[in-house]
Amino acid sequence: MSGLTDLSAQQNYIEAQLFTALEGLSQSHITVVYQDQIGFLWIGTREGLNKYDGYTFHHYHNQPFNQNSISNNYIRSIAEDSKGNLWIGTNRGLNMLDRKTGAFQLFLPLSPDSSSTGDPIVFSVYVDKQDKVWFKTNDCLEVMDRDSGTIRIYNHYYDRFGQIPVNQVYGICEDRDGRIWIGTKDGLQMFNRQTEEIKRYTIRSAEHNTTGSDVISAVFEDTRENFWVGTEEGLYLFDPEQESFHKIPANNSDGLQNRRINIISEDSEGMLWIGTDLGFYRLSADNGVLNSFSSLEVRNKELQISSVYSIVEDGSEIVWLGTFEGLVKIDRKKKKFAILDNSDDRVPGLTSNIISSIYEDDRKNLWIGTWGFGLNVINRRQNSVTVYSENQTSLKQKISNDLIHSIYRDSRDRIWIGTSDGVSCLDKGGDRFRRLCENNPDVSCNIFNNNPVNNILEDRAGNIWFAASNGVHKYIVKNNEIRSFYMIFSGAEIFDMKLAYCLLEDMEGMIWIGTENGLIRYHPEEDIFRIYRANDADNSGLISHIIYSLYMDSQSALWVGTASGLNRYDRKDDKFTFYPAVDALINNQVFAIQEGQDSCLWLSTNIGLVRFNPVSEEYSTFNLSDGLQNYEFIRGSSFQNRAGEIFFGGISGLNYFHPDSIHLNEYIPNVTFTNFEIDGELGRTSLPLERTLAIEVMKGNRIFTIGFSALDFTSPENNRYTYKMVKQNSQGSWIEIGTQHYVTFYNLSPGSYIFSVKGSNNDNIWNPEPVSISVEVPPPVWKSWKAYVLYIILSVTLVYLLIQYITRNLRRANKILKEKEAAAKLVEKHREELMLKNKNITDSINYAKRIQLALLPSTEMFKKILPDSFILYKPKDIVSGDFYWITEEKDKIFVAAVDCTGHGVPGAFVSIIGFELFRKITSEKGIKSPAKILTSLNNHFEEIFSDGERVYLQDGMDLSLCVLDRNQKLLEYAGAFNPLYLIRHETIIEIKANRLSVGADLHTVVEDHEFKSHQIKLQKDDVLYMFSDGYSDQFGGPEGKKFKYRRFRHLLLTIHKIPMEKQQAILEASIEEWMGDFEQIDDIMVIGIKPDFWDER
C-alpha cells in the first residue's frame, strides 16, 4: 500500500437523491445507517429510529409510559445478531428490538466496581463472528452473552481528565484473527480474547511527535486486510505487526489532512468510502486515487453536504450516506439512458433543454428543435453547436420562427422544419432555410401563417404532407400546388379537421392522420376518407379520439398513441385493440413511439419512458433513477437513427440509448412482509410482520391489510408484485397487482389461509421464491365450536320445552274441545228446540196473517165500492199493525185507515179487535157519524180491558175515518192523530185530527175524550189521501234521514192527477228508492180516493 502516499484530490459531482424530514424521516440529522439481513434500511437520528422499506419510513420513538418502546431517541449505532434481533446503542443504554413483537428490551451498562447503573451512553455496538454483542461505553468495552443476558465489562485506558469531543463517535471492528478493536478518545485499543486484556496504541507515541490526534473515531479492516484508522485529524493506515500508523496523504496539505473522519466503509468494488465533517472521499486501493465530494447533484441542483456519519452499500449497489443534511442515496449502477442537455459537462452550447423535435443526418450531426429557442445542429464528434434562429443576423443561420415542432428529411435530401409560423426548407447543398412560398411563388404563405406545423411526411408519390393546427395540407410537388384539407366528408358525416398532430403512410399507400378529434385514414387514389373515433357507432375500439402519435413496426402493424393509452390496428377486422396496463399507462398520454431491434416498443409519455412487449403485452416503466431527463416528454419529439439508437426529447433535455445495450438491474430482491393493518372498532392498528410466520385476524375485525415490499431500493415505485390468498392445501392462482405493495381483504370467510407474494425489482427481475404467511380467520363468536355446543344444548332444550308446551296445549285443547263438543251438543239441542218453537210460532203468525188478510176488505171489494182508488199496503212484519176498513150503508161509504200504534203481533191483535168493533158499531148500533164512531170505539176498548185484573194498554189506534155521502156529495171526517189530505185546485188541504189515540192510556183520566167530526162539501176532481205515519217516518236517502210529511205532501201534489194505479206504483217505487239499504221501520199504508159521484149520475 506504499503507492497510497501520492494521492490526488479532485472535486467531482455525483447524482444523488436526498431524503429528509419532508420525505418522512423523524429528523434530517442522520447518525447511523444500517441494512439488516432481510434488507430493510435502518436509520438512526437524534429524534428516533427509522425503518425504510422503499415506500415509507416507520418511526420508533421513546414513549415514557411504554416500557416496550426504545429507551432514548438519540440513536448512535445499530447491529444485528444471527437471530435477526437488532441492537441499538442510544444515549440511555443498549436496546434490543424483538422483530416478531416489535418490543424493545433495555440493557443498562454496569459500572465495573458495583452493580449500580453507570454511564448510560452506548457509543457503538458490534456483533462478532461468535454472535456476541460488544458495545462501547464511555470508559469500558462491554460484551453481552445473548443467551443468558449477562454483561461482562472490560476497562480500557481512559484519561478522566481529558476532554471528550462534542458529538464524538467511536468505531468497533473485529479483525481476521478475532481481535476486537475499538476507537477511544485516548487512542486505538485492542481486546485480546486469549488474555482478556486491552492493549492501547497511540499515534503520538508511534509517530514520535505531538501533531497527531489520538481521538480515534473510526476503525475498519478492508477485504485486502488493510487496517484503517480515522481520527480527528485525518486518515491513517495502521500496521498491527509493526504497531505503526501511516498518515494518508503524508505529502499533501489538501484532501484528508486535518479532516475529522467519522466513518470508513468499503463497497463491492473494493473502493473505500470515507465520511468526514466536510463531505466524503472515495479512495481506490488499487491506484491510490482519492476523490473528494463536498457537493452532490440532487434534482439537477447542487447540494452542499457537511458531516457524513455513516456509509452503507446495499445489495443493489446503492450507497447510503447518513449526513447532517439527511439520508443520501447514491446509485452506483450504470444509467440506462444518457442525457443530452446544456450542462457544462455535456453540450453547454445548446440553446435550450426543451427539446421539441430531433433528427440525425448521415454525418452523425444531431438536429435539435427547441421550444422557442431555435434550431441547434450538434456535431457529436466535436461537441460543437450551430444555432439557427429568427434573431440571427446571418441569413445562413436565420429561420422564420424559433419554435421547431418537426424536422424531416425527404427523398431529395431536403431538410424540412415545421415551426409555429409555417414551413421552411433547406435544399441539398443550399445555403439557408427558405420558406415554402419563397421557393414557390405559386404557393401562398397565408396557409401556414401563425399555424404550427406539427409533423411532416413524404408519401410514395413524392408529395409532402403537413399536419398543422388548421388542418392537413398536401404539397403536390410536380404541380407545385398545395391542397388543403379543412373539412372532409366520410359518407354523410362532415368532419372538421382542426388540429392535426401526426402523419403516417402505411404499406398499402394509405395516409393516416392523427388529430385532436379522431384518427383519419385517407385513400389517395379514391380520395375517400374513413374516420375512427372513440365510442363511435362502428365500435372501432379506439380508446381515445385524441391521437398524438402513429408508428408502423417491423411487422407492418400500425400502432396508435392516444391521450389515454396505446392501440393497435387490425386490418382484417378494421378494429383497434387497446393494451391497458395494471399501472403503467392507464389514462396516460403516448407522445411518441419507436421500436427496438427486439421488436419491443418504446413510448414517451407524460410519466416517463415506457417499454412495451407486444408478445407478452407487458409494460416496463422507467424513471429518473434510470437516467431520464425528466418525467415529462414532448409530443412528437423522437427519432431513431440507422444504428438503432433512439432519441426522445423532453422538457429537461433529451435521452438517447441503444435498446439492446441497456443494462438492467440484475439484483434479485428479497421479498418480505412489512406490516399488518386492522380496521377495528378502535380505529386502525398497524403491527410489524418482519419475522412473523402466522397472523390471526381478531374477532370482529373483518377488514385487514397486509403490506409487503421487494427490498430493492433502486426505484421501489416500479417494483412489481403478484400474490395469492388460498385456503390451506389449495393451489389457487396468482393475481398481478402491478406496483401496489399491499392487499386489503374484506369480510374473509373463517378458515385457515396461506397468503403468498412474489416481487420483482424495477426492471422486472423477479424473485422466483414466494414468501408466505399463514392467516387464521377465526369464526365469529356465534360460529365458534363453543357456540355450536351451546346451540345444540339450547336446541335440545328448546325442542324439549316445545314438546312439553305442545303436549300441554294439546291436552288443554282436547279438554276444551270436549267441553265445546258437549256445549255444542247442548246448543244444538236448544237450537233444535228453538227452531221447533220458532217454526210453531212462525206458523201461528202466518196463520194469524191469513186470518188478518181474511178480515181485511179485498182489493176487488174496495175497488167495487170506490172504483177510482188505490191501496198501498206494506206491512213491516208477517202480520201488520196497520189495517184499512171499508163498508157501504145505502148512500154512505165508510172508509177507515187505522195505525195500531204497535206493530207485529200486538198490533195485529189490536187490529182484529178494531175490525170487530167497526162492524159492531156501524152495523148493529147504526152509528153513522165518524166522531161518534171513534168515541164508541174508544169506549168499547175501555169495556174490553176493564174486566178482571187491572190491565193497561201500551198501544192504541191512530186512525182517520171518512164517511162519504153519494147523494149529498158530502165528506164527513173524524181522526185520531192521523189527518186527512184533500187536494183541490192544486192545493193540499190538511184536515187535522184530534190529538187522541183510540184505546191508549185508558188508565189515565182524560176530561174530554170526545172526537170531533169535520164536514166538507166535495167538489169535482177532489182527491182524498188517508195514511199511517209509516211512509213519512221511513229513514233513507243519501243522508239517512226521514222522508217526512213535507216531502210526502209534495209527492202527492205532484202525482194526484194521474190514474190511481200509477199513483200507487209511484208511491211504492219512491219509498223503495228512498229506503235503499235501510231497513223498513214501520208498517206503511196509503189510501188514495177520487170520489166519482158526478159520473154516477
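The values are calculated or read from the model by the stated rules, or taken from the named source; none is laboratory data. All values derive from a computational prediction rather than experimental measurement. FYI the Cβ positions are ideal-geometry reconstructions off the backbone, even for glycines, and counts take in every protein chain you see.
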Mind checking which pairs have a first residue in the range 721-740 that is part of a strand (DSSP E or B) and a second that is surrounded by 13 or more Cβ atoms within 10 Å (Cβ to Cβ) and basic (Lys, Arg), Cβ under 9 Å, 6 or more apart or different chains? Tyr721/Lys758; Thr722/Lys758; Tyr723/Lys758; Ile735/Lys724; Glu736/Arg720; Ile737/Arg720; Gly738/Arg720
Please find, among Asn539, Asn587, Asn567, Asn535, the residue that is touching a Phe, Trp or Tyr at 6+ places or on another chain (Cβ under 9 Å) and either part of a loop (DSSP other than H, G, I, E, B) or at pLDDT 90 or above (or both). Asn567
So the check is Cβ under 8 Å with 6+ separation or different chains; which pairs have a first residue in the range 141-157 that's in contact (Cβ under 8 Å) with a residue 60 or more places away in the chain and on the phi > 0 side of the Ramachandran plot and a second one that's among the hydroxyl-bearing types (Ser, Thr, Tyr) and not in a loop (DSSP other than H, G, I, E, B)? none
Residues within the range 1024-1082 that are among the hydrophobic types (A, V, I, L, M, F, W, C) and without any contact (Cβ under 8 Å) to a residue 12 or more places away in the chain, tallied: 3
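Considering Ser292, Ser268, Ser284, which residue is closer than 23 Å to Leu327 by Cα, assigned by TED's automatic domain parsing to the domain that holds Met190, surrounded by fewer than 18 Cβ atoms within 10 Å (Cβ to Cβ) and out of contact with any Pro (no Cβ under 8 Å at 6 or more places or on another chain)? Lay out the reasoning, then the answer.
Values: Ser292 fails: surrounded by fewer than 18 Cβ atoms within 10 Å (Cβ to Cβ); Ser284 fails: closer than 23 Å to Leu327 by Cα.
Matching residue, one of Ser292, Ser268, Ser284: Ser268.
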Pairs returned, first residue in the range 418-433 that is on the phi > 0 side of the Ramachandran plot and free of Cβ contacts under 8 Å to residues at least 40 places away in the same chain, second residue that is in a strand (DSSP E or B) and among the hydrophobic types (A, V, I, L, M, F, W, C), beta-carbon separation under 8 angstrom, 6 or more apart or interchain, are Gly422/Val453
Residue among Leu22, Leu49 that is within 26 Å of Val671 (Cβ to Cβ) and not basic (Lys, Arg): Leu49
Being part of a strand (DSSP E or B) and of a type in the set (Phe, Trp, Tyr) is the filter; apply it to the range 150-205 and report the residue that is farthest from the chain's Cα centre (by Cα). Tyr201
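Matching residues to (1) assigned by TED's automatic domain parsing to the domain that holds Thr722; (2) part of a loop (DSSP other than H, G, I, E, B); (3) touching a helix residue (DSSP H, G or I) at 6+ places or on another chain (Cβ under 8 Å); (4) modelled with pLDDT of 95 or more:
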residue	(1), (2), (3), (4)
Asp583	no, yes, no, no
Val610	no, no, no, no
Tyr619	no, no, no, no
Phe639	no, no, no, yes
Gly649	no, no, no, yes
Glu677	yes, no, no, no
Those residues that are of a type in the set (A, V, I, L, M) and not in a strand (DSSP E or B), I need them from the range 760-772; list them, please. Ile765
Which ones in the range 522-533 are surrounded by 19 or more Cβ atoms within 10 Å (Cβ to Cβ) and either closer than 15 Å to Asn470 by Cβ or out of contact with any Ser or Thr (no Cβ under 9 Å at 6 or more places or on another chain) (or both)? Tyr522
Inside the range 422-462, the number of residues satisfying the requirement of being in a loop (DSSP other than H, G, I, E, B), surrounded by fewer than 20 Cβ atoms within 10 Å (Cβ to Cβ) and among the polar types (S, T, N, Q) is 4
Quick check: anything in the range 1056-1076 aliphatic (A, V, I, L, M), more than 17 Å from Ala897 (Cβ to Cβ), surrounded by 13 or more Cβ atoms within 10 Å (Cβ to Cβ) and in contact with a strand residue (DSSP E or B) (Cβ under 6 Å, 6 or more places away or on another chain)? yes
Total residues in the range 773-800, condition surrounded by fewer than 16 Cβ atoms within 10 Å (Cβ to Cβ) and not in a helix (DSSP H, G or I): 6
Yes/no for Thr714 being surrounded by fewer than 17 Cβ atoms within 10 Å (Cβ to Cβ) and either polar (S, T, N, Q) or part of a strand (DSSP E or B) (or both): no
Can you tell me which residue among Gly315, Gly349 is of a type outside the set (Lys, Arg), under 29 Å from Glu225 (Cβ atoms) and either modelled with pLDDT under 90 or in a loop (DSSP other than H, G, I, E, B) (or both)? Gly315
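Residues that are outside the structural domain of Glu690 (by TED's automatic domain parsing) and at positive phi: does the range 39-52 have at least one?
There is at least one residue in the range 39-52 that is outside the structural domain of Glu690 (by TED's automatic domain parsing) and at positive phi.
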Any residue that is in contact with an Asp or Glu (Cβ under 7 Å, 6 or more places away or on another chain) and under 15 Å from Asn454 (Cα atoms) - is there at least one of those in the range 534-549? yes
